[in-house]
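Inspection log for the structure reproduced underneath, given as structure tokens.
The values are calculated or read from the model by the stated rules, or taken from the named source; none is laboratory data. Because the structure is predicted, anything quoted here is derived from the model rather than measured. Cβ placement follows ideal geometry from the backbone for every residue including glycine, while neighbour counts extend to all protein chains displayed.
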Amino acid sequence: MDIAILLFAISGSILGGVFGYAYKVNRDAKMREGAQLEARKKIADAENKAKEILLEAKEEASKKSEEIKREETKKLAELRDAEKKLMAKEQSLDDRMENADKKKEELEGKLEEAKKLHEEAKEVHDSQAKELEKIAALSKDQAKELLLQNVEKDYKDEIVKHYKKVSSEAKEEVEEKARVILAEAIQKFAMDVTAETTATTVNIPSDDMKGRIIGREGRNIQTFEQATGVDVIVDDTPGAVAISCFDLLRRYIAKVALGRLVEDGRIHPARIEETVEAVKKEVDTLIKELGERAVYETGVAGLHPNLVKLLGRLKFRTIRGQNVLKHSISVSHLAGMLASQIGADQAACKKAGVLYNIGRAADHEVAGTYSKIGADILRKFNVDKKVIQAVESGDPKVEPESIEAMLVQAADLISQSRPGANEDNLEQFIHRMEDMEELIKKFDGVKGVFGIQAGKSVRVIVEPDKVDDLAAIKLSHEIARKIETDLMYPGEIKVHVLRETRTEEFAR
């Protein structure tokens, strides 16, 4: 029973498995068939869609192809037009190049022809010049000189008249402008002229003081002269003793020291030496104060203290009898005023004016002209180059390089030529007149020379048969230039050349 049940169960299980497997196989087959149908359907749909897409792509490609062909056709047409234009331009350039080559050949031919003509003309000119030289027996320079002489001879009167007219007009115009500028500057500035001499007088209370000044066996006066470096002149002049010395500084020290000794009454060698030393120290302080006062008065700033002190020493220097410090202050003011009139550098002119004669403070200690010495001193103190050049141009050998230098020179001459500024002694004046007359007498045709107006003017008498009117004009220029280069003189000298022809006849 149990076996039968077991066998039934086994067979049932086997049958169930077989039926289950068969069912599964049948189901799987149906499923595969459905999947295949679905796959075929999708493939068909995909093929249809692909056909549609391909068809659309073909249509789009066809459109693009047509557009590209149309654009290509258009571009080709444009390229053909551009090519035609380039060909036309190239042809035009070729034509121009050909024309340029032809013109170049023509110009080269004309240039060669011009060269040949120039050479032929030069040969003809040279041959004519040689022939003329042979005919005239003169060189080219000699012929030129002869031609100028003939023109001068034939048109002498016209040349003289024209020269006088032009010279007179130019001179009047220049003198008028210069006169106005100088007059305005001089009118704005007025300054006392301080003239110094070589002797100073010291007043004494009585003639008995003269004996005390001299001392026993002259010891007092000898000590005083040795300490001061001056000469003391004790003569019969009542109530006065004279101090003589060319050095103004020594003379000033001696004057102050002697005045104190006379006032004190104690005059002996020891007291004399003590007083002179004390006065020298006071004078050193005075020199510094004088320099500072001059700088303040002229409004010049930025000078080194040692340069200011050196400027103060000019108080005890002279130029043609005039006090140099006063003269320098005058030059500074005048130069500044002239600069303001014409628009030049006023500050540079004022500084150059007050320092224009700074070299005179040391010209007895250093070799060279006062202008060169002054320029060297200013270089050591790093003064402006424009001021240095203006000071250095005081030397006749140095040309002024700026309008400021010229203005300072003009101011210096104005200050020197003012009435009372020049105390030229008789001996120097006569010597200067003699030198000028001897210089002028060396010119050909000069008959006589006369200096007039205190040497400010010179009259030259010429021989009328040797010097004509045109030659007289030339002679006046030559004499003036010769005086400028060979002589030293203050201010200016006017040269008059006089030519006179006289004829005489008697009626009987």
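Summary of computed values
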{"quantity": "Members of the stretch 262-288 found to be among the hydroxyl-bearing types (S, T, Y) and surrounded by 16 or more Cβ atoms within 10 Å (Cβ to Cβ), listed by number", "calculated": "T275"}
{"quantity": "Which numbered condition L303 fails, given (1) closer than 18 Å to K210 by Cα; (2) part of a loop (DSSP other than H, G, I, E, B)", "calculated": "(1)"}
{"quantity": "Qualifying residues in the stretch 372-403 (those that are under 21 Å from P305 (Cα atoms) and under 13 Å from the mean Cα position of the chain (by Cα)) - the one surrounded by the most Cβ atoms within 10 Å (Cβ to Cβ)", "calculated": "V387"}
{"quantity": "Any hit, the stretch 406-429, residues being within 30 Å of E463 (Cβ to Cβ), modelled with pLDDT under 80 and not in a loop (DSSP other than H, G, I, E, B)", "calculated": "yes"}
{"quantity": "Candidates Q226, Q187 - the one that is loosely packed, with under 14 Cβ neighbours inside 10 Å and at pLDDT below 75", "calculated": "Q187"}
{"quantity": "Any hit, the stretch 334-344, residues being in the same structural domain as C245 (by TED's automatic domain parsing), crowded, with 22+ Cβ neighbours inside 10 Å and without any contact (Cβ under 8 Å) to a residue 60 or more places away in the chain", "calculated": "yes"}
